[in-house]
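Bear in mind that the values in this text are calculations on the coordinates, not laboratory data. Just so we're clear, the structure is a prediction, and the values are computed from it rather than from any experiment. Quick reminder, even Gly has a Cβ in these numbers, built from the backbone with ideal geometry, and neighbours come from all protein chains shown.
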């Protein structure tokens, strides 16, 4: 008891001491020396990150220096606002997106994303204009797989604050970064700006805009993307194929068929994969031709195309190809096709694929799609209860994306799983399911 009283007494002494320190640092924000201002901003950011000061007060104080004449102070301010991670910091971060510096624009956008997707910003040395410039140049080599959880409501103000940068950012990198952010935040309100981004003369902006459309998932934009399949850039063609396939754009079928004949193998793979995603594309002969191709990705795409075509007469040829196939990625595609064509035994093969670190992110999307069929969805409730840890966790994601009201009790039961990681995943995915179903 006495020990607890001593701790309490120490805390009571510390509270006014911290308040005094914070007040002094806030006062330093008005210093004529930019080094002192920058040091004060950095210290306030650290206190905000550690919850050692009133976040509302910190955000208000830091918001007053987002227009500091020194760019390094402004950059440090954006980092500090991001670290504080409080709703009161959103407004000054939105204001910082208007900064003339493309690096500060990009860092402010990242700060807004980080509020909804914690951990998105990797702080480290990203607190200077120079370090952000270097980071941005390396950023767009690969797609960003992260997206905001469906149950999280992103403020439309945030989406609207980022949107103008897609076409009006101070650099190509800042424009591409804004497009990427809109995809991560599922920013449907930014569709007009993203459409303008497709007309950019820079591949990076076009590709990030395409990837954003893929994440937003609004199929109505599909016809507006088709012209990019004829772009002279192979990278743009590949990205356009990926997106038109994901959005199942039927208007893209003729151009995708032409691209399958391209000399570049990466373009050919992307085109056949995209065609395979469009149900009843009418290209069964093409898929049958490539089902025995020497390239495993082409075989996989061909199998998926046959599955989505839905011709029950193709089941035997898919089963025979599965029996002969040696590569696991292609086998998963063939199992997916077989289920589509009526072979329910292959559902378990795909569930088993969730145990593989290398292949679970291939198996899971197949199960998400197949689970839209009530019969397949019903098959998944058993392994959701009796499967391995990985199976339970990934099946919870599958059911959140494709389940129905009848799925809720199954996920609720999983929230009481004795494995804390499984229970945690189930709680999250139950929220996502309910958000998708509307409450």
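How long is the gain from residue 385 to residue 355 if the chain were fully straight, where each residue apart is worth 0.36 nm and the alpha carbon distance is subtracted?
Between residue 385 and residue 355, full extension yields 9.3 nm more.
For the stretch 345-439, max minus min Cα coordinate along each principal axis, in Å, sorted largest first?
32, 29, 19
Using only the Cα atoms, what convex hull volume per residue in Å³ does the stretch 260-345 have?
Hull volume normalised by residue count: 79 Å³.
Taking the convex hull of the alpha carbon atoms in the chain, what volume per residue do you get, in Å³?
163
What angle do you read, to the nearest 10 degrees and between 0 and 90, between the alpha-carbon axis of helix 296-309 and the longest principal axis of the chain?
That helix lies at roughly 70 degrees to the long axis.
Could you give the spread of the C-alpha atoms of the stretch 39-190 along their three principal axes, from largest to smallest, in whole angstroms?
Reported extents, whole Å, longest axis first: 35, 35, 24.
Counting only helical runs of four or more DSSP H residues, what would the 222 nm mean residue ellipticity of the chain come to if each run contributes -39,500 (n - 2.57) and the total is spread over all its residues?
-20500 deg cm²/dmol
If you average 1/r over all unlike Cα pairs in the stretch 67-114 and invert the result, what Kirkwood radius do you get in angstrom? Mind showing how you got there, number by number?
Working: mean 1/r = 0.0983 Å⁻¹.
Over the stretch 67-114, the inverse of the mean reciprocal pair distance is 10.2 Å.
Rank by packing, highest mean first: peptides 267-278, 167-178, with packing defined as the count of other Cβ atoms within 10 Å averaged across residues.
Descending mean neighbour count gives 267-278, 167-178.
May I ask you to order 191-200, 289-298, 236-245 by the average number of other C-beta atoms within 10 Å around their residues, highest value first? Please list the in-between numbers first.
Working: 191-200: 19.3, 289-298: 16.9, 236-245: 24.8.
Sorting 191-200, 289-298, 236-245 by mean packing, highest first, produces 236-245, 191-200, 289-298.
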